1. Which GluC sites (Glu not before Pro) does the stretch 189-282 hold that lie in a coil by DSSP with at most 12 other beta carbons within 10 Å?
2. Can you compute 3J(HN,Hα) from phi for each residue in the stretch 261-270, using the Karplus curve 6.51 cos²θ - 1.76 cosθ + 1.60 with θ = phi - 60°, rounded to whole Hz and x for Gly and Pro?
3. With a ≥ b ≥ c taken as the square roots of the eigenvalues of the C-alpha gyration tensor of the stretch 180-282, please select rounded if a/c is under 1.5 and otherwise prolate if a/b is larger than b/c or oblate if it is not?
4. If the limit is 22 Å between Cα atoms, which of K141/K259; K150/K176; K150/K256; K149/K251 go over it?
5. Using each residue's phi in the stretch 57-68, evaluate 6.51 cos²θ - 1.76 cosθ + 1.60 at θ = phi - 60° and report the 3J(HN,Hα) Karplus result to the nearest Hz, with x for Gly and Pro.
6. Which FRET efficiency, nearest 0.05, do E86 and K282 yield, Cβ-Cβ r, R0 30 Å?
Amino acid sequence: MRFTALIPCAALVLAPTVCGAFEINLDKIKSALDRTRDIKPNDDNSEADIGAGVAANLLGAAPLVRNEKLQQYVNRIGLWLAMQTEKPDIPWHFGVLDTDSLNAFAAPGGYVFVTRGLLLRMRSEAELAGVLAHEMSHVLKQHHLQAIKKNAQVGLLADVASIAVDSSKYGELKQKAISAGTELYARGLDKDDEFEADRMGVVIAARAGYDPYGLLGALQTLETISPQDSNVALMFKTHPAAGQRLQLLDKTMTGKVDKYGSQPQLTERFEKVVGKYVKQAK
Ligand SMILES: [Zn+2]
C-alpha cells in the first residue's frame, strides 16, 4: 500500500501555492487538440492521438466554460491527483464543459471533463476530486481504448496501435477509432469498468489527501435526482445505478479506505471558487 508514504503529502493539498504556477489559457487545450489532428503515426502514440480526436468531438458538443479561474482550479486538483497515480507524466488535461447536463467524461491519453451541471451540484473539493479520480481511472486502465478495440467496426485498429502502420491508412483508421470512441459516450462502458473506476477513484483521492468519501457524496446526490430530469438522462443511461455503485463501494472501502474518512473535504475552498464563478455567471 502506498498510502502511508503518500499521506504526509496531504498537507500540500491545503497549500494552494503548490501548483500555483500552473496556468491555463482556455484556448490552449483546443489549439493543442487542433495541432494533433495532422499527427503522423510515429510522431506520437496512437492512444493520445485517438484521445485528442475524441476530446475534440466532446468539446465540439459542449465547449469549455469560459472562466479561467474555474478551469485552473479543476486542473490544479486534477494534476495533483495525477501525481498520485502510476502515470503522472502523461499529458493530463482537465476541463469543465459548458452544459447543464450532469456528467463527467474521460478520453484516452489523459483528457478528463466534468460538466458545469455536475460541478454545481457538488458540495466539496473532495467530491470533485472523487469524480475526477474516477474518470482518471478510466484513462489509467485504458477502458475506452480497450472498448474501441473490441468494437468490430474498427477491427483494423490493431494496426493503428502499431508503429509500423502504413501511413496512408493511418488517417482513415484513426478516424474510425475516433468515431467509435465518441459513440461510446452514448452507449457507455461495461458496468465492471465503472465499478473498477469507482474503486480506483477512492484510492487515488485518499492518496491525494482527500476524504475518499467524496465520490460517494457525489453519487448520493445523483441518487436523489429524478430519472425524469433530462439533465441526467445520458448519465443514467450509460452508468450503473448510483445506488448499486454506492453499495459496492461501501463494501470495498470497509476496513481499507474508510480509515482515511477523516481527511479533509475542503468544502470552503470549493465554495469560494465555485461560488465566485456562479456569482460572475449571473
Ligand atoms: Zn465512469
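1. For GluC sites (Glu not before Pro) across the stretch 189-282 that sit outside H, G, I, E and B with at most 12 neighbouring Cβ atoms in 10 Å, the list is empty.
2. x, 8, 5, x, 9, 6, 5, 5, 4, 4
3. It is oblate, given that a/c is not under 1.5 and a/b is not larger than b/c.
4. The answer is K141/K259; K150/K256; K149/K251.
5. Per residue, the Karplus-derived 3J(HN,Hα) values read 5, 4, 5, x, 6, 8, x, 6, 4, 8, 8, 4 Hz.
6. 0.10
We did not get these values from a lab; they are worked out from the coordinates using the rules stated. Keep in mind it's a predicted model, so treat the numbers as computed, not measured. Positions of Cβ are generated from backbone atoms using ideal geometry, with glycine treated the same way; all protein chains shown enter the neighbour counts.
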